[in-house]
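The values are calculated or read from the model by the stated rules, or taken from the named source; none is laboratory data. Owing to the predicted nature of the structure, the values given are computational and were not obtained by experimental measurement. Here Cβ is always computed from backbone atoms with ideal geometry, including for glycine, and neighbour counts include all displayed protein chains. Note: areas computed on protein heavy atoms with side chains; ligands, DNA, RNA excluded. Shrake-Rupley method; radii C 1.70, N 1.55, O 1.52, S 1.80 Å.
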Amino acid sequence: MNHSTGTFYGIGVGPGDPELLTLKAVRMINHVDVIFAASSIKNRHSLAVEIARPHISDQADIRMLSFQMSNNEDEKETLWEENARVIMAELEQGKNVAFLTLGDVLTYSTYGYLIRIIRQKNPGIPIRSIPGIPSYLAAASRMNMPLVEGEESLLITSGARGGKALRKFSGCAENVVLLKTYRNIKDINDALAEAGLLRNSRGVSRCGRAGEKIFEDVTDLEKQKPDYWSLIIAKRNLKKDLEKTGHDHAGIHL
């Protein structure tokens, strides 16, 4: 290992509530020399930085990296590599560097692509991943909804391409989490209906942030303006779980 290089830290900042950052995440944010975060090519705003901001020193060196959302794999790969090189340039100067991610650092995260490239380009760079609370765990907590019990299983998948993944794995698990449900909600709901899960589904948008909403009827999500911070939890035994908690989540005060 080349000890002259800095350490690369991936830090998950949680689902949206600044109080849900771990103590270790806060400590490492204030330990590093440079903080990187993803932003759109349209602006320099980062949701991850916004969440972590209460815990970041005013003197912190924060830099945005633009990541274009594209269906072209070659374009995405080129941009990931360009940004990985920007990060490596700092690490190779001996600086400790962090990359902030929404939710957990290794769950549907850009960070996963970055460390793959960094390992390929310079395997001597130390990498430390600091986990964060995923959005679906925060959402389940807001509804007092057990995700799995006994011998049940849990499927976590993406809804970015509608109900495609759910149809592929339908019947494989008693409980399903659908992330990235902001684009093709109608097809997702159709797939839930086909799997017999539509009535046993609950939706959450902007969990832990201003404007948080819980949807007892996930078809209502079709009437909303698409929100990136949306997910669905479906359970075959939803009624049993609600009876165990003693009340329906509709009674939760937001």
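Residue by residue, here is whether (1) hydrophobic (A, V, I, L, M, F, W, C); (2) in a strand (DSSP E or B); (3) touching a Gly at 6+ places or on another chain (Cβ under 9 Å); (4) open to solvent by 20 Å² or more (accessible area, probe 1.4 Å) holds:
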residue	(1), (2), (3), (4)
Tyr9	no, yes, no, yes
His31	no, no, no, yes
Phe36	yes, yes, no, no
Arg44	no, no, no, yes
Ile51	yes, no, yes, no
Ser57	no, no, no, yes
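Could you grab the pairs with beta carbons closer than 6 Å, sequence gap of 6+ or different chains, first residue in the range 154-175 and over 20 Å from Ser135 (Cβ atoms) and touching a residue at least 12 places away in the same chain (Cβ under 8 Å), second one open to solvent by less than 30 Å² (accessible area, probe 1.4 Å) and assigned to a helix (DSSP H, G or I)?
Arg167/Ala191
I'm checking my understanding of the structure. Among residues of the range 97-127 that are among the small types (Gly, Ala, Ser) and surrounded by 19 or more Cβ atoms within 10 Å (Cβ to Cβ), which one is nearest to Val32 (Cα to Cα)?
Ala98
Being within 12 Å of Thr7 (Cβ to Cβ) and part of a helix (DSSP H, G or I) is the filter here; which residues of the range 81-114 pass it?
Those that are within 12 Å of Thr7 (Cβ to Cβ) and part of a helix (DSSP H, G or I): Ile87, Glu90, Leu91.
Please specify each residue of the range 124-169 satisfying the condition of being outside any loop (DSSP other than H, G, I, E, B), farther than 21 Å from Pro18 by Cβ, over 14 Å from the mean Cα position of the chain (by Cα) and not charged (D, E, K, R).
Scanning the range 124-169 gives Ile127, Leu154, Leu155, Ala165, Leu166, Phe169.
Evaluate the following for Gly103: is it under 30 Å from Ile56 (Cβ atoms) and free of Cβ contacts under 8 Å to residues at least 24 places away in the same chain?
no
Looking at (1) at pLDDT below 95; (2) out of contact with any Lys or Arg (no Cβ under 8 Å at 6 or more places or on another chain), can you tell me which one Gly16 breaks?
The failed condition is (2).
Could you list, ordered by first residue, the pairs with Cβ atoms under 7 Å in which the first is in the range 195-224 and free of Cβ contacts under 8 Å to residues at least 24 places away in the same chain and outside any helix (DSSP H, G or I) and the second is surrounded by 13 or more Cβ atoms within 10 Å (Cβ to Cβ) and among the aliphatic types (A, V, I, L, M), at least 6 apart or interchain?
Phe215/Leu221
I'd like to verify a number: residues in the range 154-182 that are open to solvent by 40 Å² or more (accessible area, probe 1.4 Å), farther than 20 Å from Gly208 by Cα and either modelled with pLDDT under 95 or charged (D, E, K, R) (or both), how many?
Looking only at that region, the number is 9.
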